[in-house]
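Data first, discussion second: the structure below is written as structure tokens.
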Amino acid sequence: MDKFRMMFQFLQSNQESFMNGICGIMALASAQLYSAFEFSCPCIPEYNYSYGIGLLVVPPIWFFLLGFVLNNNVSMLAEEWKRPTGKRVKDPTVLRYMFVSITQRSLIAPMVWISVTLMDGKSFLCAFSVDLDIHQFGNSTLIEGMSEVEIITLLAKIPCKNIFDQPNVISREAASRYIKCISQAFGWFFLLLMTSAAFMIRAIRPCFTQAAFLKTKYWSHYIDIERKLFDETCKEHAKTFAKVCIQQYFESVSGEMRSLHKNRSSEDDSDNDDDDKKKGDKDKLLGIHAQDDMNKVLWNWHTCKPPLALRKEQPEGESREGLGPTGADSGPNGLANGHAHNDPKREWAVYYSKV
Amino acid sequence: MERLKLVLQYFQSNSESISNGICIVLALVSVKLYTSFDFNCPCIPQYNKLYALGVMFVPPLIFFFLGILVNRHTGVMMEECLRPIGKRSKNPAIVKYMFTAMMQRALLAPMVWILVTLLDGKIFICAFSRISNSDLSSHVHCNILSLSQKTTELLMAKVPCKEDMIFRNSTFRKAVSRYVRCYSQAIGWSILLLLILLGALGRLIKPCFDDHATNLQTRYWSNYLDIEQKLFDETCVLHCRDFARKCVVQFFEGMREDTVLRLPLSPEVRYNREEDMVDQEEERLHGITKQEQMDQLLETWFKCKPELDITKMAYRPRVCVTWEDHNGKTIYSDV
């Protein structure tokens, strides 16, 4: 358990290593899936090839698409691609960089599957046993006596040890060894090709575009972080908005209740967030003290929700539209747009220093 | 668990030991891959040698490429090699040093694969089981010498394959296998001895030819380049975060419908933000607040690296204030 925790902490330390972690996990999953999968060649001439090649090609496609699905950056790429230009120019190199890095990561699990399949050799054996040159592995005299169809049926049975019934005609081990060798040779060659392609891209690239590369890396990272921070800011804002909205709602109902019970609201329940912490229990009740009042609050919350328009609290009889130092203690206040439409546009004062 | 943590901590202590650690991990992966790889000799005269030598030499090539790829210093070295001179002169000795270090590390895993292959012997037997008739007569006693050339070839090609019916429980096959395996192991041990001798000689004799002082300098500056690159990346990430935060906050504030007026600062009004946060954030932004500025910064980082002189920053002049009363007499002075 400790080991896993350490690994998770390390992997989550930054975005890149998190994605690399997911990539590694998928590669391991791919290898594990192959070893857990029970390969059973149909050993029928018409289906061998489709089964063998299908097993070689379809799971990699599936892993590739899964890589795209699991990668958060895909939606980021789509968003950046589709947005209107507006005030911020779109840089196609950044989009290209993001796409290339997503693709690179998604290609690792399919590569692992293909290499493991080729190294193991079973799928090649299944797919190509029918194409074997029978004279190389078989007893020529016995082969002459067999028809074309019989030969092909026999060849198709080579991958299946249990049902292969004519060891005198063809040496099954020799034939399967031969095909497995070809498969492994393909596997090693495939690995070499992939590694040298990666080498070309990674090690030789600095020869061409290093300065531009630094730029695109920075801005693609920036887009990612900006999106995350925007979501965080929205969440915080929503929390505060909701808090204030609910407070005002409680107060409005409590105000009604007070006027019903002929009470006057004495405290200025300011919607200043800082004061929340200093409020005592009494203030937290927001003026609702009786069961009936609370019932009314809850009933109205569903049947008649308050509008999404926060009101700026006004102490009675004072106008906040003055500009002099007396009006200065309002200061910029984080309450957002959409205040009640019948309020005139307020003027806020921003102060700057001459220093 | 504790041991593993200690080992990891040791390896992460500096960038050289990280590279060494990765190099060792690759070598271990190479050994594991060999043991888990199911070697399948084709036992056909034309293909034995080709296949066996392929398996002996292609994976080392793959490991070599991988060794260069996973090494962080490759990028640092390439950048140092290719950058324009700008304000900082280039020292070819540093690039050479980094190149040799990188090559040495990248060559370990391939050598391990080749040595393990030779010491194990399977691949050698597959490739070279076709020993000549003269060798056969002196070492192996049996009556296959009367067979034709072609048949002998076919037979010898099947020696690596134990399962074949011809060779079930055959002492001949075992003898030939043993013979070829001895050869293989002898070659393996000789190569290992040669490499270790070369390494030892190199270590002992190099100081006689090299200038130790220059060596120290080269090592220092190559380590410096590596650390500088890492710190630049980290600073970019931190800057990115603050840039984004300010951008988002600015965006939110820009969406307000209220008008904004500017007035001279009244002494009664104070912005009640925490001083610390402002200072820290502004410090991390370093005055870079526009896209064009950032682009220019990144381009200049590569095209014209700054000179290695931080005297101005280290000895930033402090403002000294002197307080005088209305007569000109000094009440207090920082000087």
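Is it fair to say A:Thr233 is facing chain B (nearest Cβ under 8 Å) and surrounded by 13 or more Cβ atoms within 10 Å (Cβ to Cβ)? Judged against the criteria, A:Thr233 is a match. Mind checking whether some residue in region B:38-46 is crowded, with 20+ Cβ neighbours inside 10 Å and assigned to a helix (DSSP H, G or I)? No: region B:38-46 contains no residue that is crowded, with 20+ Cβ neighbours inside 10 Å and assigned to a helix (DSSP H, G or I). Given the condition within 14 Å of another protein chain (Cβ to nearest Cβ), modelled with pLDDT under 70 and out of contact with any Phe, Trp or Tyr (no Cβ under 8 Å at 6 or more places or on another chain), answer yes or no: does some residue in region A:252-266 qualify? No, the conditions are met nowhere in region A:252-266. Against the conditions (1) closer than 30 Å to B:Phe128 by Cβ; (2) at pLDDT 85 or above, B:Pro45 satisfies every one except (2). Against the criterion of being at pLDDT 90 or above and buried (at least 19 other Cβ atoms within 10 Å of the Cβ), B:Met78 does not qualify.
Within region B:54-74, take every residue that is crowded, with 17+ Cβ neighbours inside 10 Å and in contact (Cβ under 8 Å) with a residue 60 or more places away in the chain and give me the one that is nearest to the other protein chains (Cβ to nearest Cβ). Filtering first and then ranking leaves B:Val55.
Restricting attention to region A:103-153 and to residues that are of a type in the set (Val, Ile, Thr) and at pLDDT below 90, the residue that is nearest to A:Asn73 (Cα to Cα) turns out to be A:Val130. When restricted to residues that are within 13 Å of chain A (Cβ to nearest Cβ) and either in contact with a His (Cβ under 9 Å, 6 or more places away or on another chain) or part of a helix (DSSP H, G or I) (or both), region B:12-25 contains 0.
Taking first residues from region B:26-48 that are under 13 Å from B:Pro59 (Cβ atoms) and more than 10 Å from chain A (Cβ to nearest Cβ) and partners that are basic (Lys, Arg) and assigned to a loop (DSSP other than H, G, I, E, B), no Cβ contact under 9 Å between residues at least 6 apart in sequence or on separate chains turns up.
Of all positions in region A:116-132, none carries a residue that is surrounded by fewer than 20 Cβ atoms within 10 Å (Cβ to Cβ) and among the hydroxyl-bearing types (Ser, Thr, Tyr). Out of B:Ser137, B:Ser132, one residue alone is closer than 26 Å to B:Arg178 by Cβ, in contact with a Leu (Cβ under 7 Å, 6 or more places away or on another chain), at pLDDT below 90 and away from chain A (no Cβ under 13 Å). It is B:Ser137.
Only one entry in A:Thr195, A:Thr153 is hydroxyl-bearing (Ser, Thr, Tyr), within 13 Å of chain B (Cβ to nearest Cβ) and assigned to a helix (DSSP H, G or I), namely A:Thr195. Look through A:Ile225, A:Ile170, A:Ile204 and report the one residue that is closer than 23 Å to B:Phe63 by Cα and β-branched (Val, Ile, Thr). Checking each option against the conditions leaves just A:Ile204. Scanning region A:170-192 for residues that are more than 7 Å from chain B (Cβ to nearest Cβ) and either in contact (Cβ under 8 Å) with a residue 60 or more places away in the chain or crowded, with 21+ Cβ neighbours inside 10 Å (or both) yields A:Ile170, A:Ala175, A:Ser176, A:Ile179, A:Ser183, A:Phe186, A:Gly187, A:Phe190.
Close contacts from region A:194-209, counting a first residue that is without any contact (Cβ under 8 Å) to a residue 40 or more places away in the chain and a second that is of a type in the set (Val, Ile, Thr), with Cβ to Cβ under 7 Å and a gap of 6+ residues or different chains, come to A:Thr195/B:Ile62; A:Phe199/B:Ile68; A:Ala203/B:Ile68; A:Ala203/B:Thr74. Working only within region A:201-211, note down all residues that are within 28 Å of the chain's Cα centre (by Cα) and facing chain B (nearest Cβ under 8 Å). Once the filter is applied, which keeps residues that are within 28 Å of the chain's Cα centre (by Cα) and facing chain B (nearest Cβ under 8 Å), region A:201-211 yields only A:Arg202.
The values are calculated or read from the model by the stated rules, or taken from the named source; none is laboratory data. Not measured: the values here are computed from a predicted model. We place every Cβ from the backbone using ideal geometry, glycine too, and count neighbours over all the protein chains shown.
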